[in-house]
Each structure stands twice: as C-alpha cells, then as structure tokens.
1. Hey, could you check the range 104-123 for residues that are of a type in the set (D, E, K, R) and surrounded by 13 or more Cβ atoms within 10 Å (Cβ to Cβ) and say which is farthest from residue 19 (Cα to Cα)?
2. Working only within the range 86-118, note down all residues that are closer than 12 Å to residue 37 by Cα, touching an Asp or Glu at 6+ places or on another chain (Cβ under 9 Å) and not aromatic (Phe, Trp, Tyr).
3. On the basis of being at pLDDT below 95, of a type in the set (Ser, Thr, Tyr) and within 19 Å of residue 101 (Cβ to Cβ), does residue 78 make the cut?
4. If I filter the range 55-69 for residues that are touching a residue at least 40 places away in the same chain (Cβ under 8 Å) and not hydrophobic (A, V, I, L, M, F, W, C), do I get at least one hit?
5. Is it the case that some residue within the range 73-90 is touching a Gly at 6+ places or on another chain (Cβ under 7 Å) and closer than 18 Å to residue 12 by Cα?
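The values are calculated or read from the model by the stated rules, or taken from the named source; none is laboratory data. Keep in mind that this is a model prediction, so the values were computed, not measured. Glycine gets a Cβ as well: all are built from the backbone with ideal geometry, and neighbour counts include every protein chain shown. Accessible surface is based on the protein model in full, side chains and every heavy atom, while ligands, DNA and RNA are left aside. Shrake-Rupley method; radii C 1.70, N 1.55, O 1.52, S 1.80 Å.
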Amino acid sequence: QVRLVESGGGLVQAGGSLRLACAASGYLRNNYSSGWFRQTPEKEREFVAAIRWTGGNTVYADSVKGRFTISRYGADNTVYLQMNGLKPEDTAVYYCATGALLRPTRRNEYSYWGRGTQVTVSS
C-alpha cells in the first residue's frame, strides 16, 4: 500500500513563494509518474504538474508554466512543488498523487492520493 503525505501549504501574499512536499511510503514502481492537482469549492480537481520517476520528464498546466517547478528526490521518495509568483487564483487545496503510467495529466490515471494541503494567496 502506498501512502502520501503533503506538507508546506500556508498563507502567502501575492507574488510570494511556497514549496510543497509530498512524502511517499510503500512500494513505488519506477515507471510511475507523480503529480500535483488542486481543487477549490467552485471547481473540479485540476491538473497542475507531473513528473516521471524514471527520467524526470515533467509536464505542467499552462496556468502555472514558468512559475511552478516540480521535482523529485529519489532517496526518500519525495516530490516537491516549488511555487513562485503566486497569484490569488492559485488559492486551492493541493493534492499529491502517484501511480500514473500513461497519461499523467489525467486525474483518473492516478491510483494513490494524499489528503491535501491548503494554499491561500492573499491579494
């Protein structure tokens, strides 16, 4: 069983930065992708960024390109999301996920999810 625990959320002013971390435990296949999604009460859960464990290929939503960076540290199975230039519209609960094999931008590709961490950006 895979367990994911997010950390690093909080309150920040517009233009500021936060770094989210997702610590994974359990059996992880090398060909998995891990990703970050976010959700607000008004919207469905949407894709933010993903990274493949083997090779490190990354993909981003257009809304965060150039501002967010996803990375992973294999020694302790942790995935990070560095968020710079934050905007009020980035306010959401951010979820870490893993287990995607083919289409890492698709929510239903992921087998395992964390419980989420709140990010609030004030204007």
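1. Step one: filter the range 104-123 for residues of a type in the set (D, E, K, R), giving 106-107, 109, 115.
Adding the requirement that they be surrounded by 13 or more Cβ atoms within 10 Å (Cβ to Cβ) leaves 107, 109.
Values: 107: 22, 109: 24 Å.
My answer is 109.
2. Across the range 86-118, the qualifying residues are 92, 96, 97, 107, 114, 115, 116, 117.
3. Numbers: at pLDDT below 95: yes; of a type in the set (Ser, Thr, Tyr): yes; within 19 Å of residue 101 (Cβ to Cβ): no.
No: the conditions fail for residue 78.
4. no
5. From the range 73-90, those touching a Gly at 6+ places or on another chain (Cβ under 7 Å) are 85-86; that's our starting set.
So of that shortlist, the ones also closer than 18 Å to residue 12 by Cα come out as 85-86.
Yes, there is a match, as at least one residue in the range 73-90 is touching a Gly at 6+ places or on another chain (Cβ under 7 Å) and closer than 18 Å to residue 12 by Cα.
Rundown of residues vs (1) open to solvent by less than 20 Å² (accessible area, probe 1.4 Å); (2) of a type outside the set (Ser, Thr, Tyr); (3) outside any loop (DSSP other than H, G, I, E, B), yes/no style:
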| site | (1), (2), (3) |
| --- | --- |
| 5 | no, yes, yes |
| 12 | no, yes, yes |
| 20 | yes, yes, yes |
| 27 | no, no, no |
| 30 | no, yes, no |
| 34 | yes, no, yes |
| 37 | yes, yes, yes |
| 41 | no, yes, no |
